[in-house]
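The values are calculated or read from the model by the stated rules, or taken from the named source; none is laboratory data. What you see is a predicted model; the values in this text were computed from it and never measured. Note that we place each Cβ from the backbone using ideal geometry, even for glycine, and neighbour counts take in every protein chain shown. Ligands, DNA and RNA are stripped out before the accessible areas are found, and what is left, the full protein with its side chains, is counted by its heavy atoms. Shrake-Rupley method; radii C 1.70, N 1.55, O 1.52, S 1.80 Å.
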Amino acid sequence: VQLQASGGGLVQAGGSLRLSCTASARIRNINRMGWYRQTPGNQRELVASMTTGGSTTYADSAKGRFTISRDNAKNTVYLQMNSLKPEDTAVYSCHALLGSYNYWGQGTQVTVSS
């Protein structure tokens with residue numbers, strides 16, 4: 001499975017961005033898709049994920065501000081990020097779990113200025 005991420009950029013605090021992750025396979029067949037983020041010197045952390053059944057998981061820091069959604073017809077998962085904070089600055093990577101295999105897309109930089 002190949003994952004193509006896009007949508008990162010520079011935004012002021014309080015602003016919004018939408019990340020997109022398009023898969024080369026039907027996302028209906030993918031157990032779970034989500035977004036992780038990583039900052040220099042820190043471990044990658046889960047931001048949000050969604051199962052094929054529609055169950056979602058959010059990091060505490062993302063709850064109430066970020067929304068993960070999907071468009072099966074486009075094989076795309078989205079991460080709508082609102083009320084962005086400088087601490088959201090990171091490289092965001094798309095992830096897919098298919099069976100017992102993990103797939104990663106290239107990271108996209110999100111920078112939130114204060």
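Annotations
- In the condition set (1) among the polar types (S, T, N, Q); (2) free of Cβ contacts under 8 Å to residues at least 24 places away in the same chain; (3) closer than 21 Å to Ser114 by Cα, Thr89 is compliant with all but (2).
- Scanning the stretch 17-36 for residues that are closer than 17 Å to Ser113 by Cα and open to solvent by less than 60 Å² (accessible area, probe 1.4 Å) returns a single hit, Leu17.
- Once the stretch 103-114 is narrowed to residues that are open to solvent by 60 Å² or more (accessible area, probe 1.4 Å), within 18 Å of Ser20 (Cα to Cα) and of a type outside the set (A, V, I, L, M, F, W, C), the residue that is farthest from the chain's Cα centre (by Cα) is Tyr103.
- Residue in the stretch 51-76 that is nearest to Ser20 (Cα to Cα), counting only those that are of a type in the set (A, V, I, L, M, F, W, C) and over 10 Å from the mean Cα position of the chain (by Cα): Ala73
- When the stretch 41-97 is limited to residues that are among the β-branched types (Val, Ile, Thr) and part of a loop (DSSP other than H, G, I, E, B), the one that is least open to solvent (accessible area, probe 1.4 Å) turns out to be Thr89.
- For the stretch 3-29, the set of residues classified as under 15 Å from the mean Cα position of the chain (by Cα) and not in a strand (DSSP E or B) consists of Gly7, Gly8, Ser16, Ile27, listed by residue number.
- Selection from the stretch 98-114 of residues that are farther than 18 Å from Leu10 by Cα, assigned to a strand (DSSP E or B) and not aromatic (Phe, Trp, Tyr): Leu98, Asn102
- Condition met for Thr89 (out of contact with any Phe, Trp or Tyr (no Cβ under 9 Å at 6 or more places or on another chain) and not small (Gly, Ala, Ser)): yes
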